[in-house]
Amino acid sequence: MLVKRSFKWDKERNVADVTWDSIRVNLDTRNTQKSTVYFNNIKQEVTDTTIVKKAWNIFNNDSFWLVAPHKLFENGIIRSIQQVDDKDALLVKYTTGGSTPGDSYLWLLDSNYVPKSYKMFVPSMKMDGVSATWQDWITTKSGTLLPTNHTFDNGRILSMGTVKGYN
């Protein structure tokens, strides 16, 4: 499997190492101005704000696909219960933060309230109810439950690659 980019996120320290091509950004997720950029593992003395912004967008996008259920109580997220086919579903709206505030997702849950699929309402991508699954969940060393794949309406599969979680 070809890995295009990766990240290692230390949630407690609010730092994520975001890597793609020959670039690594030690991203401060609370204050991106404190981030450090490396090209070919050489620390850059002057931080390239364009590269840091790209790392921020990669982290926001990729972490959504992997750990969205673990970010439900961050600032700027509104949660509400909706009924879909006489079952509880969770409507999640991102009002601030991230890269695309205003996005909403309707999460369909299994009998244990683990997300099994969701519908995406993403105005910037003209998505109005596009479905994707949460599937092939694993329990990591840290005890965190994470999905390893998503399948879209059109059959396209998005693999999360090698998924790990540590304490």
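Highest GNM mean-square fluctuation, the chain, Cα pairs closer than 10 Å: which of Lys141, Lys93, Lys54?
Lys141
Would you mind computing, in nm to one decimal, how far apart the modelled labels at Thr96 and Phe73 are, each placed 7 Å from Cα along Cα→Cβ?
That separation, rounded to one decimal, is 1.9 nm.
Please report the net charge: other residues with Cβ closer than 14 Å to the Cβ of Pro115, K and R +1, D and E -1.
Value of the local net charge: +2.
Using 0.36 nm times the number of residues separating Ser6 and Trp20, minus their current alpha carbon distance, what extension gain do you get?
Contour length minus Cα-Cα distance gives 4.4 nm.
How do Tyr38, Tyr113 stack up against each other in accessible area, from largest to smallest, with a 1.4 angstrom probe?
These residues rank, largest area first, as Tyr113, Tyr38.
Sort the range 1-82 into rounded, prolate or oblate with this rule: let a ≥ b ≥ c be the square roots of the eigenvalues of the Cα gyration tensor; rounded if a/c is under 1.5, and if a/c is not under 1.5, prolate when a/b is larger than b/c, oblate otherwise.
Since a/c reaches 1.5 and a/b is larger than b/c, the shape of the range 1-82 is classed as prolate.
Please list the non-local residues whose amide H lies under 5 Å from the amide H of Thr47, H modeled 1.01 Å from N, same-chain partners needing a gap of 5 or more.
none
How far is helix 49-67 tilted, in degrees, relative to the longest principal axis of the Cα atoms in the chain, given as a value from 0 to 90 rounded to the nearest 10?
Value to nearest ten degrees: 30.
Please list Phe64, Phe73, Phe59 from largest to smallest accessible area, probe radius 1.4 Å, with all protein chains kept in place.
Sorted descending by solvent-accessible area, the residues read Phe73, Phe64, Phe59.
When the expected Rg is taken as 2.2 N^0.38 Å, what fraction or multiple of it is the alpha-carbon Rg of the range 34-116?
1.46
From the C-alpha coordinates alone, can you work out the Kirkwood hydrodynamic radius of the range 113-155, in Å?
11.6
Restricting things to alpha carbons, find the Rg to Rh ratio for the chain using the Kirkwood radius for Rh.
0.98
As a test of reading the structure, rank Met125, Met160 by solvent-accessible area (1.4 Å probe, protein chains only), most first.
The most accessible residue leads, giving Met125, Met160.
Per residue, how many Å² of accessible area does the range 47-167 show with a 1.4 Å probe?
Heavy-atom SASA per residue in the range 47-167 reads 58 Å².
What net charge do the residues around Ile81 carry, taking every other residue with its C-beta under 11 Å from that of Ile81, with Lys and Arg at +1 and Asp and Glu at -1?
Neighbourhood net charge equals +1.
The values are calculated or read from the model by the stated rules, or taken from the named source; none is laboratory data. Note that this is a predicted model, so its numbers are computed, not measured. Here the Cβ is made from the backbone with ideal geometry for all residues, glycine too, and neighbour counts use every protein chain on show. Protein only, heavy atoms only, side chains kept; ligands, DNA and RNA dropped before computing areas. Shrake-Rupley method; radii C 1.70, N 1.55, O 1.52, S 1.80 Å.
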